[in-house]
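A quick write-up on the structure given underneath.
Derivation of every value follows stated rules applied to the coordinates shown; laboratory data play no part. Given the structure is predicted, the values throughout are model-derived calculations rather than measurements. Backbone-built Cβ (ideal geometry, glycine too); neighbour counts: all protein chains shown.
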Amino acid sequence: MANTAVATEASSRPKYGSMSRDRTWALRWSYFFLVLFAIFFLMPPIYMLITSLKTSAEISAAKNPWWISNPTLQNYIDLLTQNQFLIFFRNSAIVSIFVVIVTMLISVIAAFALARMKFWGSATLATGVFLTYLIPETLLFIPLFKMFAWVNEVFDVQLMNHWWTMIILYPTLTVPFATWIMIGYFASIPKELDEAALIDGATWMQTLTKIFIPVALPGIIAATIFTFTVAWAQFLYPLAFTTSTSELVLPVGIITTLIKGDVFNWGQIMTGALLGAAPPLIIYAFLMDYYIAGLTAGATKG
Amino acid sequence: MADIAARNPAVSTGDSRSSLHKLMQRKSTIAFLMALPLILLLATLVAYPAGYAVYLATLNKGMTRFVGFGNFEFLFGRDTFWLVVYQSCLFAITAVIFKAIIGFVVAHFVHNIPSKGQRKWRGMLLVPWVIPPAMSTLAWLWLFDPSYSALNWVLAHFGIGNVPWTGEAGWARFSVILVNVWIGSPFFMIMYLAALKSVPEQLYEAASIDGATWWQRIWYVTLPMMRNIIAITALFSLIVTFANFDIVRVLTAGGPLNSTHIFGTWAFRVGIEGGDIPLGAAVSLFMVPILAVAATFILRDITKRGSEV
């Protein structure tokens, strides 16, 4: 008996040691590969920054492209004093902010109705919301193009070539997802909470504003960030529906006005791209946890 | 308990029962009204255009005459169309596979390191997903520049000559997939990381007691536990990748010689830039079958999980 105990003890000891040695090596390899992947993932944004700090002369010189010999903010000054760029920025900002407001109003209220106040067809509608989320904008822009022409004919309202048309269009991309996340968050709130409120005589609107919105605030923040990011990044609709430089939003503006024929002013293009990427990145830096929670909730809840 | 006590007397009297009934009626009306903006928005700007696309696809170029399947027949007879079909499938399937593999591998590495450092790494690795795709693709376009490519500069140090990233058909196809993988794999990483965290530690302990190797632990414990999330993330991504527009449009605009066009970009070229709206609509409708298949699987999974809960 004692013999076997000693034997197992002896055989398990070195095994333990080798396991912890395995762990250390696994850890080292993990860090090694994480650094490699981080280089791969961060290389384009870093290169944007590097290029944006260079002069045109330095960019076209045959030198190490990853090194800046004469750092300059000239590209930033040029771009930020350019009327056109400021207009793009303003258009993008107004569109994104309004889209966030419209989306959150529509989706929070609808999600509450779908999650808590069942009505005829509400389950089908919830599935329908999810289905519309899966319909891509690449399928819709051509019929929309024709529909806008029809609206112009019949109602004499020109929807083409106006930045505010985007406020009408973008919610089709953001509302289904925002509603879907909010249904998930609302469904996870215990029923006792709103039942208690209703018994105390609260109306449905009061239950929503006094109980559901405060409790589901992380979900609302996540949906807001998501909506803003999508609205800011949207490229196809403004490319298809706006052409005048005064009506363009930032991503399309940078691509259509800074790239002129074969002349690429890469310093300014990269500066513009970086400034265009800045608002979502800044929001992400501060609210990363909400962002990630929203990302995983979208596909795992429901 | 208090809840039941408060309710019972109200239910026992006939008068308040009818008012309760009225409330129920009112409740469903209010609920419908609350969902109405959503219904109107999705009906007029998503469902209607989607159906309208089918109708448009059956018209002639001037949209004056019904031509039935004429546009489709025309497409089937064009080599470019088959090139687009081939490239769309190649692009979407290859990109999703690589995104899934890279996402899985990176999620494992992040999961391996001590948890206090994980947040920092996770935050850094998700950056490509946060930058607007059109903007980050511009950075790639500059990295791929034919004469000033910073990537070729690096590769030259390893003895690799000038790579024509966007200039030659094969390389251009590789480049658009590379950029798509770069943008999309962080999303897979986040999803898989969340799934990895939900696998109970005891399963791994049990497996290692049974003498499972590192590979067996992944194959017999991790993968089966994550099967659902892997499938759903891949299907989601398949839809989004298949319907992609930004990357191809900015990086190659379909070139060289239409070799990188996918359905979305070619529909734009034909329908908006070429002025043939019905033909463009017909092209974009070819996305529907694969979207429908992926959507069916996703919905089935969701309703299944809904009934499990």
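Brief remarks on what is shown
- Hydrodynamic radius by Kirkwood, which averages 1/r over all alpha carbon pairs of chain B, in angstrom: 23.8
- Cα-projected label distance for B:SER208 with B:GLU73, points at 7 Å along beta-carbon direction, nm: 6.8
- Descending semi-axes in whole angstrom, ellipsoid equivalent of the range A:39-113, from the Cα gyration tensor: 39, 18, 7
- Percent of C-alpha pairs per 20 Å bin in the protein assembly as shown, short distances first: 17, 48, 28, 7, 1.
- Taking chain B and dividing mean pair separation by its residue count, relative contact order in percent (alpha carbons under 8 Å, at least six apart): 24
- Most to least packed among B:269-275, A:101-107, B:139-145, B:73-79 [average Cβ atoms within 10 Å]: B:139-145, A:101-107, B:269-275, B:73-79
- From its DSSP helices (H runs of at least four residues, each -39,500 (n - 2.57)), the protein assembly as shown gives a residue-normalised ellipticity at 222 nm of -24000 deg cm²/dmol.
- Comparing B:ILE39, B:ILE229, B:ILE101 in a Gaussian network model of chain B where C-alpha atoms under 10 Å apart are linked, the largest mean-square fluctuation is found at B:ILE39.
- D_trans [Stokes-Einstein, Kirkwood Rh over alpha-carbon pairs] for chain A, 20 °C, 1.002 mPa s, µm² s⁻¹: 91
- Label-reachable residues, the range A:27-54, where backbone N falls under 17 Å from a point 7 Å from B:ILE160's Cα toward its Cβ: A:36-44
- Length-normalised contact order of the range B:180-289 in % [C-alpha pairs under 8 Å, at least 6 apart]: 18
- Top of A:SER188, A:SER92, A:SER246 by mean-square fluctuation, Gaussian network on chain A, Cα under 10 Å: A:SER188
- Computed over the range B:129-202, the P(r) tail beyond 14 angstrom holds 69 percent of alpha carbon pairs.
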